[in-house]
Structure formats: structure tokens, C-alpha cells
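Peer 1: I am attaching a structure below and will ask some questions about it afterwards.
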Amino acid sequence: MVAMAIAAGARVADSPSLLWSRNGEISRQAAEILQALRSADAYGLRPADYDGPALASRAADLVRARDTDSMHWAEFDRALSDATGRFLTHLHFGRVQPRVAGFDLPQPRPALDTAALLARLAQTNDVNAILSTVEPQFHHYRLLQQWLGRYRALAGDPALTNLPAVAGRSPGPGDRYSGAAALRKLLVTLGDLSAVDAATADATLDPALVEAIRRFQQRHGLDADGIIGKRTFTALTTPLAQRVRQIELTLERWRWLPAFDTPPIIVNIPQFRLYAFSAIHDRVADMIQMPVIVGQTYPRTRTPVFVGEMKFVVFRPYWDVPRSILLRELLPEIRSRPGYLASNHLEIVRGQGDDARPVEPTPANLDALASGQLRLRQRPGSDNALGLIKFMLPNAYNVYLHGTPAHQLFRESRRAFSHGCIRVSDPVALAAHVLRNAPGDWTPAKIEAAMNGADAQRVYLSKPIRVMVLYGTALAIEDGRILFLEDLYGHDRKLETLLIRSGPASAGRSRRS
């Protein structure tokens, strides 16, 4: 409609200060920007924040009325520049400050020169190309954005996820389920089941349907057992509009990230997974991946979202027991069980270094331990809570990566078991990665020897490695699938509330100033 109005428009004298009109007609670039503002939801943003429809209607009215008042065109020009500047800022930085959401993240990509960008947009032959340069330059951001439109279309049919409740025992392979036909339709739509395998009226969970359920479970961080248990049924019946929201919220968080100027290590908390990059591009072929264990869901034990610099590794570390764990968990055991310290290789020490001398667990020393005058540590060994190696990235949270003696926990699909630190499943592979350029030729064999040696050893990296502990509940991966993960710590709910409260009045302010 705007284009028709432009075609019929009258001409007025140009003002050299106007960006978006030419001789009484809005420019082609302005028309394309107006379309982008009206379609902001394709980026995971909120079209109402940018006044696209109102601005388009305003331009059409000016053209249709053959308005020759330069002041009216100047007002339109300012309004479109303001809305476009707000849109560019949101694409680049997101709408919410990370620290307001409780995330400790550094300055992201370089600050925007909004005036220069507006000038470029006003002259370009490819508006979308310039908008693309403002967004995060991450491959997986783009992949996730591509899923947004598809899930938005699927969300238009809420009946898809309307499955009959499971009565009695959770149905598994070979069992009957009254909603088998509806389940097949849903899994075909989501890409977990082929249409050929769905072409049956069988009301049982046949092998093809069971395998599709397993694929769905894998994509949702569930035990891939092919059984429609409580968590699986909840995931199957989650409205697809909520999946759309997960994508939007994760895109918002990815806009908060700094550029990958060096190969980072990334931990995605809800996915319980670590990615160690060997290049700055976020391609799976350039990553080492491994399962991890993260903090429990209690507020005081959650793994924080932050960025740190890994600087050294410690072989055969002591575990310095955090004071919160000492007071809440261990001190009552020590007081009630005389042999508890010895059986768990714990010792009370005076001083802060590894060379601190142990003291006897006398009543007076236990009182001093409780008051903070002494501290508790666990000696290095196979049962040490940190395993045989820890990866140090000094930070305000005293959170780091380390091994663990509890290897059986990696078999669980939901791995929120720690007090906040991150336990890695393959510490030898991670050590070989981070020490690959450090002096000493740190082969896997040498790393294992150091882990199982007699002495503690500290080895500094050749240069620090950025470690990014992040939180995303929707991930598009390179094999063509999309993963949806549990909102483990409720960060999605908090961010959604913050986004609802945000609006144009606060959105255009300078970010990270």
C-alpha cells in the first residue's frame, strides 16, 4: 500500500538533511526499513517497539495528500530515524541489560555508531545486508533465527500438542496409547517421525513410533527410553507458542555475547554441555564437546552466568571446602562422628596456602573452624571432590571447572548436582586442549601421569582462554535439529518479565555506557 501511495505521490523540494524522502516520496531504502520494522518478530523482536505500521501509514498519508510542508517530512524523517536507531540497538545489544537479568557478561561487540549506520542505510542498495552486519556474527545464532519462523507457523495450530492424558502406567514400547495417532501427527510435524512410518492406524507404540519418541526425548534433554513418562508428556504437550518464546529469549541472550576474537570454551548450563573451540568460528567441526555437571537449582548453589579467563590448571588439587558447605553440611558431621575427617581425607589447617599445616580436631579447633579462624580442606586423591585436576579461571564467584570421582552421574540426563562449580566428564581431553601450546609437551599420557602422580602441580597456559558460562534453552544445531531444554534456574521466566517491562522509552538508551 505504501508503494502504491509512493507511485502516485507529488514532489516537493528536497531538504539535504532528510534521510528518508526524495522529492516528496519516501525512498526505496525507507520502504525496506519500514518493512523490516513491521517484521521485527522475524528477528525475535517486538514490532510494537518500532512503530512500523504507524510510520508506514504516516508516510502514505503524506504522499497521498501531496503534502509539500517540509516540516511534516522532517518530523517523519526524525521519527523513522529514531525507530530505526532503536531497532539497530536491539539487534546489536538486545533489549535488556544482562546485569539486570543477573548475568555477569562483559562489553559485547563494538559500540554502534548509529548516526553512521543510518547514513549508510539511507544510501545502500541492500538494507538487509547492513542489518545483518549489526546482528551477532555467530553461525548458531543464524541457525536458531531460521527456526523462529517455522515454529511461529506451527504455533498457529495449538491442537498439535493437545494429547490425551496418560492413564495409569507410563506407556512404553509395545503398549497401547489412546493418543497414538495424535502423537504420530505431532512427531511428523516436528521432524522426529517420517510420514511413511506414521502411515498406520495402530494404537500401540510400535518400533518406529518408539524411535521417534526417543529422538524427541534426545532433543529435549530427556532420558531417551521411548517411554511417555511425566517429563516426556510435559515436553510433548508444551504449547509450541512457548517454544517460540524460548527461541526469542535465547536469541536475546546471544545478542549479549562478545565477539569470538580468540577460541573460547563455552558451557551451556541448561544443556549440561561444554564446547571447547579450536577456532573462532562456532562450527561443530572446530569444537571438542563433553557432558558436564552444573550447580543444583537452589538459589545458593546455581552455577552463575559469567565470563572468565582460564589461566592455569592444577594437577592433584586440594579441595578447599567453601564455608557455606562447611557450616551447613560438614561441620555437623565432624562434630558428631569422630572418624569423619580421617575417613574422608579431610584436614583442618591454619593459613591459606597449600603449604598450610594441619591441626588436630580438638574442640577448640572445631570452634575456630566454625568461626572462620581455621579452614577445612580435602587432600588430593582419587576421592577428592575436585577429581584429579581443576581448571582455574579467577572470578568473584569462586567457580571453576574440575574433574570428579562421581563419574556415574554423567549417565543422568539432568545433571544439576554440584554446589556451583562445573564438573567435566573428560578432564584429560580438556587439559590436552588448554595446554596444547603450553611448555612441556602435554600429551594425554603425560596429563594422566600428572593426575596420578605423587605431587600437586600447577601449570600455566601459554595465554589465557576465555570461558563463557552461558544459558540458552533453545539451540539449533548443524545436523538440522533444534533442541529445547528445561529452564533449569528460571532465567527464561525472569527475562520474559524484564522484556514485558521494557519498552521504547528505555530501549533507545546507550548500551553498556
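Peer 1: State whether the stretch 321-379 is rounded, prolate or oblate according to the following rule on the C-alpha gyration tensor (a ≥ b ≥ c being the square roots of its eigenvalues): a/c under 1.5 gives rounded; otherwise a/b larger than b/c gives prolate, and the remaining case gives oblate. Could the numbers behind the result be given before it?
Peer 2: Working: a/c = 1.35, a/b = 1.23, b/c = 1.10.
Note, shape of the stretch 321-379 comes out rounded.
Peer 1: Residue by residue, what Karplus-based ³J(HN,Hα) values in Hz, rounded to whole numbers, does the stretch 345-362 have, using 6.51, -1.76 and 1.60 with θ = phi - 60° and x for Gly and Pro?
Peer 2: Per residue, the Karplus-derived 3J(HN,Hα) values read 6, 9, 8, 8, 9, 10, x, 9, x, 5, 8, 4, 8, x, 10, 6, x, 6 Hz.
Peer 1: If the stretch 57-144 were replaced by its equivalent ellipsoid, with semi-axes equal to the square roots of 5 times the Cα gyration tensor eigenvalues, what would those be, largest first, whole Å?
Peer 2: 32, 16, 12
Peer 1: Would you pull out the residues with amide H under 5 Å of Ala476's amide H, same chain only if 5 or more places away, H placed 1.01 Å from N?
Peer 2: Amide H neighbours of Ala476: Leu144, Leu483.
Peer 1: Another question about this same structure. Does the stretch 208-344 come out rounded, prolate or oblate, given a ≥ b ≥ c as the square roots of the eigenvalues of its C-alpha gyration tensor, rounded meaning a/c under 1.5 and, failing that, prolate meaning a/b above b/c? Let's see the in-between values first.
Peer 2: Details: a/c = 2.12, a/b = 1.34, b/c = 1.58.
Oblate is the answer for the stretch 208-344, as a/c is 1.5 or above yet b/c matches or exceeds a/b.
Peer 1: Rounded to the nearest Å, what's the spacing between the alpha carbon centres of the stretch 315-383 and the stretch 387-413? Just the number, please.
Peer 2: 20
Peer 1: Given +1 on the Cβ of Lys and Arg, -1 on the Cβ of Asp and Glu, and no further charges, what dipole in debye does the stretch 2-137 carry about its Cα centre, rounded to the nearest 20?
Peer 2: Working: 14 positive and 16 negative charges, 20 e Å.
Roughly 100 debye, rounded to the nearest 20.
Peer 1: Now, a different point. Show the residues, 5+ positions off or on another chain, whose built amide H is closer than 5 Å to the amide H of Leu374.
Peer 2: Here the answer is Leu369, since their amide H atoms fall under 5 Å of that of Leu374.
Peer 1: Which order do peptides 475-481, 320-326, 46-52 fall in by mean Cβ count within 10 Å, highest first? Could you put the intermediate results ahead of the total?
Peer 2: Numbers: 475-481: 14.0, 320-326: 16.3, 46-52: 19.4.
Averaged packing, sorted descending, gives the order 46-52, 320-326, 475-481.
Peer 1: Can you figure out the FRET efficiency of Asp225 with Gln146, using R₀ = 51 Å and their beta-carbon distance, to the nearest 0.05?
Peer 2: Details: r = 30 Å, r/R0 = 0.60.
Working from the Cβ atoms, E equals 0.95.
Peer 1: Further, regarding this structure: Hey, which lysines would be in cross-link range of Lys311, C-alpha to C-alpha under 22 Å, not counting anything within fewer than 8 residues on its own chain?
Peer 2: Lys390, Lys446, Lys463
Peer 1: On to the next question. At what distance in nm do the modelled label points of Ser170 and Ser343 sit from each other, each positioned 7 Å from its Cα along Cα→Cβ?
Peer 2: The modelled label-to-label distance comes out at 3.4 nm.
Peer 1: Between Ser371, Ala279, Met71, whose Cα lies farthest towards the positive end of the dipole of the chain when Lys and Arg beta carbons carry +1 and Asp and Glu beta carbons carry -1, centred on the Cα centre?
Peer 2: Ser371
Peer 1: What does the charge add up to near Ala370, with Lys and Arg as +1, Asp and Glu as -1, over the other residues with Cβ less than 15 Å from its Cβ? Could the numbers behind the result be given before it?
Peer 2: Values: positive: Arg323, Arg328, Arg335, Arg350, Arg375; negative: Glu329, Glu333, Asp367.
Once positives and negatives cancel, what remains is +2.
Peer 1: Apply the a/c threshold of 1.5 to the C-alpha gyration tensor of the stretch 156-238 and tell me whether it is rounded, prolate or oblate.
Peer 2: Values: a/c = 1.14, a/b = 1.04, b/c = 1.09.
In terms of gyration-tensor shape, rounded.
Peer 1: For the chain, state the average projected area of the convex hull of the C-alpha atoms over all orientations, rounded to one decimal in nm². Present the calculation step by step, with values, prior to reporting the outcome.
Peer 2: Working: hull surface 123.5 nm².
Over every viewing direction, the Cα hull of the chain projects on average to 30.9 nm².
Peer 1: Stretched out fully, how many nm does the piece from Ala153 to Thr133 gain, at 0.36 nm a residue minus the Cα gap?
Peer 2: Values: separation 20, 0.36 × 20 = 7.20 nm, distance 2.65 nm.
Taking Ala153 through Thr133 to full extension adds about 4.5 nm, to one decimal.
Peer 1: Give me the distance in nm between label points sitting 7 Å out from Cα along the Cα-to-Cβ direction at Ala48 and Leu366, one decimal.
Peer 2: 6.1
Bear in mind these aren't lab numbers, they're just calculated from the coordinates by the rules spelled out. Model, not experiment: these values are computed from the prediction. Virtual Cβ from ideal backbone geometry, glycine too; neighbours counted across all protein chains shown.
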